[in-house]
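Enquirer: Submitted below is the structure of interest, expressed as structure tokens.
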Amino acid sequence: MNSQFRTVEPALIEQRKTFRHPVQIQRTAIRQHGKSARKGELVDVSIYGCRVACDSIIAEGSRVWLRFEGSSPISATAIWCRDGHVGCRFAETLEQGLFRRLTLISE
């Protein structure tokens, strides 16, 4: 009887294709078409996308260009933007060498 009507927290459903590795790279820039680049911080990354902390408000579906420490500009689409973070999906999968370098920098 003591388990009757016990509250249960909702399940967290992860819908990403791969795990995003937590990182903390402060030299990150994010730029929308026709606007100047803004400073940001790379929070997590996978070969398919990333989350960037920045003070810009970017509309969902907008094309953005990201530049990480030691990389060329990377084309991506803003999937969501809230609470000072932008979730991005890369136009092409991230190069393995760059992915490895980004995840090793933060360790």
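Every number here is computed from the coordinates shown, using simple stated rules; none is lab data. Just so we're clear, the structure is a prediction, and the values are computed from it rather than from any experiment. Note: ideal-geometry Cβ built from the backbone for every residue, glycine included; neighbour counts use all protein chains shown.
Enquirer: Among Ile30, Ile74, what is the fewest-to-most ranking by other Cβ atoms within 10 Å?
Expert: Details: Ile30 24, Ile74 18.
So the residues, fewest neighbours to most, are Ile74, Ile30.
Enquirer: Check His85: other-chain or 5+ apart residues with amide H under 5 Å from its amide H, H built from backbone geometry?
Expert: Cys54
Enquirer: Another one. Given H placed on each backbone N at 1.01 Å, which residues far from Ser62 in sequence or on other chains put an amide H within less than 5 Å of it?
Expert: Amide H to amide H, under 5 Å and 5 or more residues apart or across chains, Ser62 pairs with Ala78.
Enquirer: Taking θ as phi - 60°, what are the ³J(HN,Hα) couplings along segment 86-93 by the Karplus curve (6.51, -1.76, 1.60), each to the nearest whole Hz, with x for Gly and Pro?
Expert: In residue order, the calculated couplings are 10, x, 10, 10, 5, 5, 10, 4 Hz.
Enquirer: Per-residue HN-Hα couplings for segment 38-45, Karplus 6.51 cos²θ - 1.76 cosθ + 1.60 at θ = phi - 60°, whole Hz, x for Gly and Pro?
Expert: Rounded to whole hertz, the list is 10, 6, x, 10, 6, 9, 8, 8.
Enquirer: Whole-Hz Karplus ³J(HN,Hα) for segment 63-80, in order, using 6.51 cos²θ - 1.76 cosθ + 1.60 and θ = phi - 60°, x for Gly and Pro?
Expert: Working through the residues one at a time gives 7, 10, 10, 10, 10, 9, 3, x, 10, 7, x, 10, 7, 8, 10, 6, 8, 8 Hz.
Enquirer: Under 5 Å between amide hydrogens, which residues at least 5 positions from His21 or on another chain qualify, with H placed 1.01 Å from N in the peptide plane?
Expert: Val45, Ser46
Enquirer: In the neighborhood of Thr28, defined by Cβ-to-Cβ distances under 14 Å, what is the net charge if each Lys or Arg adds +1 and each Asp or Glu adds -1? Don't skip to the end; give the middle numbers.
Expert: Numbers: positive: Arg27, Arg31, Arg38, Lys39, Arg51, Arg67, Arg101; negative: Glu41, Asp44, Asp55, Glu69.
Net of charged neighbours comes to +3.
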